[in-house]
Amino acid sequence: MPSNPRTIIQKVWDNHIVAESEAAPALLFIDMHLVHEVTSPQAFAGLRQRGIKVRRPDLTFATVDHSTPTTPRNLPILDPIAATQVAQMETNAQEFGIPYFGFQNRDQGICHVIGPENGLTQPGMTLVCGDSHTATHGAFGALAFGIGTSEVEMVLATQCLLQKQSKSYEVRVDGTLKNGVTAKDIILALCAKIGIGGGTGCVFEFTGSAIRALSMEERMTVCNMSIEAGARAGLIAPDEKTYEYLAGRRFVPKGEKWDEAVAHWKTLPTDEGATYDHSVTIDADTLEPMITFGTNPGMGIAITGTVPDPANIADPLERESLRKALAYMALEAGKPLAGQKIDVVFIGSCTNSRLSDLRSAASVLKGRKVNSAVRVLVVPGSQEIKRQAEAEGLHDVFRAAGAEWREAGCSMCIAMNGDQLSPGQYSVSTSNRNFEGRQGKGGRTFLASPLTAAASAVMGVVTDVRTML
Amino acid sequence: MKFESTITQIQTDNIDTDQIIPARFLKTISKEGLGDQLFFDWRYNADGSPKPDFILNSDKAKASKVLLAGDNFGCGSSREHAPWALTQYGFQAVISTSFADIFKANSLKNRLLPLVVSREVHQQLRDALTANPDLTVNVNVETQIFAWPGGPEIQFEIDAFAKHCLLAGVDEIGYVQQHEAQIAAYEAQRFSTLNTLAN
Ligand code: SF4
């Protein structure tokens, strides 16, 4: 046991300190900065005003994902404001010499999908993006967190951030997931358990046998929604699965450099005896498929559960929040959510749009038809995933079932690109946020796994997928 | 930095940034013109007319600099459009029992004070407002005290560096650029093992 045992969170932090002083927060070096069209234009405008360059274009990577349509790529971007924003990203990438997967690039995709896919995300890195779901990259043992536009400008200008260290929070998940229960259900269960503000001021480290058993794609699903439980970042120590996933990807080192990198990565996992500021445990054995009923991701229940009753809540403010949420969702307290009629199913987003997510949805849809009252959108996370899915015929499964098979992007996760709910519509969505209007003004979102989404698409109502496996 | 203001109250917990400014307004490439979009979906009817009973549409709120909100204000996305919209509407401080991390960081960079109070003080302030809706509070960043007539003097926390930046108008990017030698030294010494992407 080392004399000074440290968590992986502490090690990555220590490795990136450029300067420390009494007077200011630590100066933290950033290894990789992902940039997208929505949160960056004002930052580039700031650089122009200052008359400065991007300090490390080689450690910066841009794409467009939020405002981009998911209709065929030979069609123009119809929304003029979105088209301007996308064009501005292109201009900025060119002017500042930043590597860029543009709208027409064959490797375009959601920033949190293309980072790992291309090996831009690596263990032990500090990685930031003007986007709260940057936590996704923590699946590789990177300290990855979202920043605002002022900080985007800071990183573009200096490749550093002024940061105060967060508290550490161990989320231990032991046991074995039952059939029909997925990584998404683990993270929705965490949100329900500690609440949407439960991890505020903290970085999660996910540990335990159930986490080790997850694939890299599943780990990304878990880390992705750390922010939904209030934590700015969430990470998982790298292991053989991590190295296996990364080996050979476009931007990872090769040959001797690879061996050196792996040797460094192996020093990262938390030392025996290291302690955390907070901790919580989740028992994978008893988890059921989860679904949200309310207007924040912490308002979740097991699919077999009932919508909670505000009358049973002692705290007047909490009671009022729940009452307001149920009014927005037009749901009755005390009733099960299973059986609730739905209008739309969205399978996509940086939470659940990877190949394994699409396979999992397709496994339910295969040989079945989507309910005629339900519109189903399947949106791969990247054009590369789209190609892979098509190579194994998943698109045929989706189309034969009556689902739409679209081009890559954020799509109905954030409803900036025209893919949206109409007021009053219900969706089962594999995305990460069920805030009021998130999927379109007046729309009502139930968050769930790809399995639950696909099962609900077939039945036309919220469905426990285990009845169909 | 000190000011006196009436209080605008939106007493809801977990107000997320999608409520503060809905995503469809993020297609702008400018920082300007966001004040009218603040709380858009709570504030306007489907036809675009203001909802007369929503507080931000009142003249009193429009003249107010302080927003009193529920717990965990600003959760959700990292959009800095949220503090931009709040400050462009006219707010200089938000009082809550807690703030989401990214929102808090973004606010301080835009001269919007995230003022954290205990549940007790939050309740006291709400009670005082019920008794007198025209109540004004005094906020003083220098002394880190806020108070209202007849109420206690509340000492609030603010990160020392953030306070310094607020009061002295420090440009943080300029401040970090002064560390160029250290940044370059860091890159030179530690890069090869810690970052395999560097060219
Ligand atoms: S898919 Fe949704 S959550 Fe992910 S980056 Fe896009 S908008 Fe954000």
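Please treat every number below as a calculation from the coordinates, not as lab data. The structure displayed is predicted, hence computed values, not measured ones. Ideal geometry is used to build each Cβ from the backbone, glycine not excepted, and the neighbour counts take in all protein chains shown.
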The size of the Cβ-based charge dipole (Lys, Arg +1; Asp, Glu -1) of segment A:290-467 about the Cα centre, to the nearest 20 debye, is 260 debye
Just want to confirm a number: the relative contact order over segment B:2-158, from Cα pairs under 8 angstrom separated by 6+ residues, in percent.
26 percent
DSSP beta bridge pairing in the protein assembly as shown, given as percent antiparallel to the nearest 5:
30 percent
When Lys and Arg each count +1 and Asp and Glu each count -1, what net charge do the other residues less than 12 Å away from A:Gly109, Cβ to Cβ, add up to?
-1
Selected from B:Asp13, B:Asp53, B:Asp127 as most flexible by GNM, with chain B as the system and alpha-carbon contacts under 10 Å
B:Asp53
If the limit is 21 Å between Cα atoms, which of B:Lys109/B:Lys163; A:Lys11/A:Lys164; A:Lys11/A:Lys167; A:Lys241/A:Lys266; A:Lys53/A:Lys257; A:Lys167/B:Lys104 go over it?
A:Lys53/A:Lys257
Considering only B:Lys163, B:Lys109, B:Lys60, give the residue with the highest GNM mean-square fluctuation for chain B, with springs between Cα atoms whenever their separation is below 10 Å.
B:Lys60
If every Lys and Arg gets +1 and every Asp and Glu gets -1 at its Cβ, then about the Cα centre segment B:2-158 yields a dipole, in debye to the nearest 20, of 400 debye
Could you tell me how far the Cα centroid of segment B:118-187 sits from the Cα centroid of segment A:390-469, in Å?
42 Å
Please rank A:Asp79, B:Asp47, B:Asp18, fewest neighbouring Cβ atoms within 10 Å first, as an exposure proxy.
B:Asp47, A:Asp79, B:Asp18
Qualifying trypsin sites (Lys or Arg not before Pro) in segment A:34-117, DSSP loop, other Cβ atoms within 10 Å at most 12
A:Arg106
Going from the fewest other Cβ atoms within 10 Å to the most, one would list A:Glu390, A:Glu170 as A:Glu390, A:Glu170
How well do other chains shield peptide A:150-163, expressed as the mean number of their Cβ atoms within 10 Å of each residue Cβ?
5
What ³J(HN,Hα) values, in whole Hz, does the Karplus curve 6.51 cos²θ - 1.76 cosθ + 1.60 give for segment A:156-171 when θ = phi - 60°, with x put for Gly and Pro?
4, 6, 10, 6, 9, 9, 8, 9, 9, 6, 7, 7, 9, 9, 8, 10
Kindly work out what percent of the DSSP beta bridges joining two residues of segment A:290-467 are antiparallel, to the nearest 5.
30 percent
Expressed as a rounded percentage, what relative contact order does segment A:69-135 have, with Cα pairs under 8 Å and six or more residues apart?
15 percent
Mind listing the Cα extents of segment B:1-108 along all three principal axes, in Å, largest one first?
36, 30, 26
In sequence order, what are the phi-derived ³J(HN,Hα) couplings for segment B:150-160 according to the Karplus relation 6.51 cos²θ - 1.76 cosθ + 1.60 with θ = phi - 60°, rounded to whole Hz, with x for glycine and proline?
x, x, x, 8, 9, 8, 10, 8, 8, 4, 4
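What's the exposure ranking of A:Trp258, B:Trp84, going from fewest to most Cβ atoms within 10 Å? Walk me through the intermediate numbers first.
Details: A:Trp258 16, B:Trp84 27.
Listing A:Trp258, B:Trp84 from fewest to most nearby Cβ atoms yields A:Trp258, B:Trp84.
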For segment A:195-240 and segment A:45-74, write down the distance between their C-alpha centroids in whole Å.
27 Å
GluC sites (Glu not before Pro) within segment B:105-199: which are DSSP loop residues with at most 12 other Cβ atoms inside 10 Å?
B:Glu142, B:Glu157
Mean separation of Cα pairs under 8 Å and 6+ residues apart, divided by the residue count of chain A: what relative contact order is that in percent?
17 percent
Please pull out the direction-averaged projected area of segment B:64-199, using the convex hull of its alpha-carbon atoms, in nm² to one decimal place.
10.9 nm²
Counting other Cβ atoms within 10 Å of each Cβ, which trypsin sites (Lys or Arg not before Pro) in segment A:343-392 have at most 12 and sit in a DSSP loop?
A:Lys369
What does the charge count near A:Asn432 come to, summing +1 for each Lys or Arg and -1 for each Asp or Glu among other residues with Cβ under 11 Å from its Cβ?
+2
About the Cα centre, and with charges only on the beta carbon of Lys, Arg (+1) and Asp, Glu (-1), how big is the dipole of the protein assembly as shown? Nearest 20 debye, please.
1220 debye
